[in-house]
Structure formats: C-alpha cells, structure tokens
Amino acid sequence: MLTEYLSGQIEKLAQRDDLPLHRKLYEALRRAILDGKLTAGHRLPASRELAHDLQLSRNTVVSALNQLNVEGLLTSHVGRGTFVSDRPVLKTARRQSPQVSQDTKLSKRGQKILTTFCAGQLEIYPFTSGIVDFSAFPVALWRRLQQKHWRMAYPDMLDYSYSGGHAPLRNAVASYLRVFRNMTVDTEQVIITSGTQQSLELCAQTLADLDEAVWIEDPAYWGAVKAFMATGLRLHPVAVDEHGLAPQSLSEAPPPRLIYVTPSHQYPTGVVMPLARRQEILAIARRHKAWILEDDYDSEFRFSGPSIEALAALDTDQRVLYMGSFSKVPYPGLKLGYLVVPRGLAAPLNQAHYDLNRPGQIPLQAALAEFIEMGHFTTALRDARQSYADRRRCLLDALKLCLGALAYISGADQGLHLCVNLPDAVDDKALAQRIGALGLTVRALSAYCVHRRDLRGIVIGYGYASLAEIELHGPILAQTFRAELARLAYEPKPLAHDEHQRPIFRT
Ligand SMILES: Cc1ncc(COP(=O)(O)O)c(C=O)c1O
C-alpha cells in the first residue's frame with residue numbers, strides 16, 4: 001500500500017523536471033507523514049526493499065530518507081530500522097540572504113552588512129556549527145522560576161536595568177568565572193548584556209573611534225565581523241595559523257585599537273592558542289595601548305587536553321575585556337551574556353551601556369541568577385558536556401575511521417564543532433552544497449575567510465545532531481570527503497611524525 005501511495009505521489013510530480021528523483025520521493029514521504037498516512041512509530045521498509053519496490057536506486061532512497069531524518073520526521077536506529085518520528089517537526093525553510101539591489105535605500109555600510117556572509121544563511125540543522133541541543137532544557141523548572149520572579153516583581157524590576165544588570169546575576173557570573181576560569185573578578189566588573197554581539201558592539205562603540213583599526217582573525221566569526229563593520233571600524237584580518245591569530249603575518253599592519261580573538265577555540269578552525277602566543281598578543285596590546293576583546297564562547301565544553309587559561313586570567317595590564325554568553329547553556333534565545341571589563345572601565349562602560357542600549361529584562365535575569373545559585377546551571381552544563389562528548393566521539397570515530405591521515409581534523413578537543421581541513425584543490429563551497437543535497441547542512445571553511453584564499457575545509461557542528469543522527473550520517477559525511485579526495489587523486493604528503501598533528505594552515 002505504501003509503495004502504491006508513494007508511486008502515485010511521485011507520478012504527480014512527473015512534470016517537475018527541476019526536482020531530482022530523491023527530492024520527489026522525499027516530498028512524497030513527507031506528505032504521507034504530514035497528512036497522517038504514516039503515523040508516529042510506523043516502521044518503514046528497509047531502503048533496499050523500498051528501492052526495489054519503487055524501482056529506484058538505493059542511493060535515491062537513502063538520500064530522501066537522510067533528508068527526512070535530518071528534519072526530524074524520521075528516526076533511525078542502527079540495527080532496528082527507520083521509524084516515523086514523534087519529535088516535533090523542525091522548521092525546514094532555509095532563510096535566504098536578502099537580495100540587496102543597487103537602488104536600495106540602505107547606506108553603503110548597511111549594504112555591506114547584509115551582503116557579507118552569514119546571518120541569513122544560518123540554519124537549524126543537525127550538523128550546522130553553532131547550533132545547540134536545547135531539548136534537555138528543564139522547561140518546567142524554568143517556567144516556575146520565571147513565574148516566581150514575576151510574582152515578586154517590584155517596580156524597580158520593571159524599569160530599565162542600570163548598574164550593569166541584576167546584582168545577584170552579576171555575582172553569580174563573577175563566582176562562576178573565579179571557580180571555572182581562574183579569573184580574578186569582582187562583581188563590579190561584570191556587565192550583563194544581551195549576549196556577545198551586544199558586548200562586542202559596546203566595546204567597539206566606546207573604546208575605538210571611527211576608522212581605527214580592529215585586528216580580527218582570518219577566518220573569522222561573522223558576528224564579530226558585522227559588529228565591527230556596523231560600528232565603522234577598519235577591519236584588519238590577521239591570518240590564523242595552528243596557534244590562532246598569528247601577528248607575525250602582519251608586517252605592515254596598522255596599529256590596532258582593538259584585537260578580537262577566540263583563543264580557547266578559534267572560531268571556526270577550532271585551534272587553541274598556546275601560552276607563548278597568548279603572551280605575545282598581550283605584549284602587542286601593551287605596546288599599542290590596544291584593548292583585547294576575548295570571546296570565550298564555548299570554553300564550558302573542554303573534552304580533552306589540558307584546560308586552557310583565559311587571556312583575561314593572564315592579563316596583568318588590565319587590557320582584556322572578556323565576553324561570555326548564555327547562548328550555549330541554557331539556550332540561545334535567552335539573549336543574555338556578560339562582559340567582564342578591567343576595573344578602570346567598569347563605571348564608564350556601565351554608563352555607556354545604559355545610555356546606548358537601555359538594557360532591561362530584570363525578572364529574566366533574576367530567574368537566571370536563581371537557576372545558577374540553585375545549582376541547575378552546573379547540572380545542565382554537566383549533562384550537556386556528557387552528551388556532547390558522546391556525540392563528538394561518535395563523529396570523530398566515523399571521520400577518523402574513514403579518513404585516517406587523509407585529512408587533518410582541527411578543533412575537536414573543545415566546543416561544539418570541528419573542522420575537517422582539506423587541500424587547496426577542493427572547492428569546499430561546492431562540496432558543502434553537495435553535502436547539503438544529501439540533507440546534511442555543513443559550512444565551508446573558506447566562507448569564513450575575510451581576505452585569505454588558501455583555506456579549504458568543512459566545519460561540522462555536533463551540538464544539535466542527536467547521537468543516532470551522528471551514527472547514521474557521520475559515516476556518510478566521512479565517505480563524501482574520501483570520495484572528494486579520491487576524485488582529486490589526492491595523496492597526503494609524507495609528514496614527519498609530529499607533523500601529523502598539524503593542520504594545513506599556511507600564513
Ligand atoms: C564565536 C562566537 N562568539 C559568540 C557567540 C555567542 O553570541 P551571542 O551571545 O551573541 O549569541 C557565538 C554563538 O554561536 C559564537 O559562535
């Protein structure tokens with residue numbers, strides 16, 4: 001019966017020459033699920049059987065099933081089969097980058113912000129970097145905490161938030177950083193913001209003048225690039241090598257007013273900045289009287305290797321502004337983060353934050369403070385760490401098993417993404433698109449590059465993908481890379497023993 005229904009649906013799409021066969025099958029299955037013809041828990045025939053009955057190739061069937069898996073309409077269990085899922089359906093519409101026409105009313109700066117890689121290409125899909133799993137978040141507890149603070153809300157809590165945010169939350173952040181990041185922080189140094197994006201903008205608006213130079217990493221986090229563009233600073237991309245931002249690659253660089261870095265887990269390559277390089281960056285900042293903006297976006301998730309001290313913990317000159325976010329835990333839409341500033345900047349930056357941003361949301365900040373004080377944050381972190389560690393292991397195993405020494409994987413010791421570095425000959429954007437056609441959304445490393453043209457790779461996130469999804473799709477990703485390398489007849493150069501640990505980065 002299922003076969004007849006699917007054949008009928010595929011037949012109806014016969015005129016759609018623009019749709020490949022796997023897409024037609026995908027549409028047919030999707031319709032069957034959304035119309036309730038296939039209900040939650042229904043076991044689908046094996047792909048081989050389905051391919052035989054529908055007289056399609058197995059690849060076509062696997063491709064359609066993969067896409068439905070990724071969208072959460074199907075779940076696959078190794079050895080048990082593929083079932084119609086009872087998970088809520090994910091939003092599948094891809095957000096397109098806006099088309100910016102010549103006669104637009106936007107300023108040149110506005111047009112540049114809109115046409116530079118990225119926000120529009122953000123997608124909530126299992127292998128997209130930067131996306132986290134919020135399914136384990138204790139929603140009921142969170143609702144109770146919010147209700148409690150709304151019940152208690154006194155007039156001040158409904159006002160704008162001055163003095164850097166709700167004091168108990170600032171306290172909780174300071175204690176967390178003292179314990180987990182070994183930082184010497186007083187509550188007065190903590191400013192609650194609506195996340196790293198706002199922290200970056202505040203620093204750019206208050207610590208640099210128009211057209212002054214900000215050194216950024218190349219490749220870079222698009223959020224930082226856009227924040228600096230929006231505030232009219234001159235961006236100076238500095239190539240990243242295997243130790244992070246590499247100042248020696250900038251022989252004629254303008255002196256920086258700001259230096260933006262992600263030293264614990266460079267975004268997107270994932271490389272870690274060793275102590276010597278950290279000291280070098282601190283010395284440069286001292287020499288130029290520049291400010292370092294340290295974005296410590298995912299240091300909560302360190303899976304192997306020694307723990308890495310924050311630059312802010314090494315800073316003896318009060319030159320580092322440290323940024324953290326609650327976007328990974330508890331969840332991104334919370335839009336709360338923190339900026340830790342040197343003592344001498346605490347009062348002026350607080351005032352500027354109030355003047356420029358009119359911050360608020362005190363009841364929400366109060367609920368979060370209690371969430372942290374009662375230990376729920378630490379528990380959520382511990383659970384998330386364990387769950388992400390399993391996913392990371394599974395993805396790494398699949399990649400290493402298939403690729404061996406063919407490709408260097410960077411950034412896998414920390415965070416929620418890793419990067420498979422590929423040789424120059426690979427068109428990584430086209431490869432990412434081909435992987436996308438399989439229903440797996442990954443990003444090309446070169447898409448993050450600002451000036452450089454020599455980096456190729458694929459950035460894979462494992463934060464949102466379930467273990468089952470990684471078990472299923474990890475080997476497919478790995479085989480796709482292998483096939484690409486085989487197509488290019490790529491032979492890795494013989495490397496000295498320790499060089500096997502090195503990425504392909506060149507500066
Ligand atoms: C490099 C980097 N910094 C910061 C953030 C967090 O930004 P926000 O707090 O604005 O959500 C992210 C989120 O994915 C990130 O990838």
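The values are calculated or read from the model by the stated rules, or taken from the named source; none is laboratory data. Note that the structure is predicted; figures quoted are calculated from it, not measured. Here the Cβ positions follow ideal geometry from the backbone for every residue, glycine too, while neighbour counts run over all protein chains shown. Areas reflect the complete protein model, heavy atoms only, side chains present, ligands, DNA and RNA absent. Shrake-Rupley method; radii C 1.70, N 1.55, O 1.52, S 1.80 Å.
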Here the qualifying pairs (Cβ atoms under 8 Å; residues six or more apart or on different chains; first in the range 130-157 and among the acidic types (Asp, Glu); second part of a loop (DSSP other than H, G, I, E, B)) come out as Asp133/Gly463; Asp133/Tyr464; Asp133/Ser466
Across (1) open to solvent by less than 10 Å² (accessible area, probe 1.4 Å); (2) part of a strand (DSSP E or B); (3) of a type in the set (Val, Ile, Thr), Ile409 clears everything bar (1)
State whether the residues of the range 180-197 include one that is in a loop (DSSP other than H, G, I, E, B) and within 14 Å of the ligand (Cβ to nearest atom). yes
Given (1) closer than 30 Å to Met229 by Cα; (2) modelled with pLDDT under 65, Thr104 misses just (2)
With criteria (1) within 16 Å of the ligand (Cβ to nearest atom); (2) at pLDDT below 95; (3) not in a helix (DSSP H, G or I); (4) not hydroxyl-bearing (Ser, Thr, Tyr), Pro306 comes up short on (1)
For the range 164-199, the count of residues that are touching a residue at least 24 places away in the same chain (Cβ under 8 Å), among the hydroxyl-bearing types (Ser, Thr, Tyr) and surrounded by 15 or more Cβ atoms within 10 Å (Cβ to Cβ) equals 5
**OP:** Evaluate the range 343-358: report whether one residue or more is surrounded by fewer than 22 Cβ atoms within 10 Å (Cβ to Cβ) and in a strand (DSSP E or B).
**Re:** no
Look at Glu294 and say whether it is of a type in the set (Asp, Glu) and away from the ligand (no atom under 16 Å from the Cβ).
no
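One line per residue, one yes/no per condition, for (1) crowded, with 19+ Cβ neighbours inside 10 Å; (2) within 16 Å of the ligand (Cβ to nearest atom); (3) basic (Lys, Arg); (4) closer than 30 Å to Asp383 by Cα:
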position: Gln248; (1), (2), (3), (4): no, no, no, no
position: Pro256; (1), (2), (3), (4): yes, no, no, no
position: Tyr260; (1), (2), (3), (4): yes, yes, no, no
position: Thr269; (1), (2), (3), (4): yes, yes, no, yes
position: Met273; (1), (2), (3), (4): yes, yes, no, yes
position: Gln279; (1), (2), (3), (4): no, no, no, no
position: Arg287; (1), (2), (3), (4): no, no, yes, no
position: Phe301; (1), (2), (3), (4): yes, yes, no, yes
Residues of the range 38-57 being without any contact (Cβ under 8 Å) to a residue 40 or more places away in the chain and buried (at least 17 other Cβ atoms within 10 Å of the Cβ), in sequence order, are Ser47, Ala51, Leu56
Apart from one, (1) part of a helix (DSSP H, G or I); (2) open to solvent by less than 50 Å² (accessible area, probe 1.4 Å); (3) at pLDDT below 90 all hold for His500; the odd one out is (2)
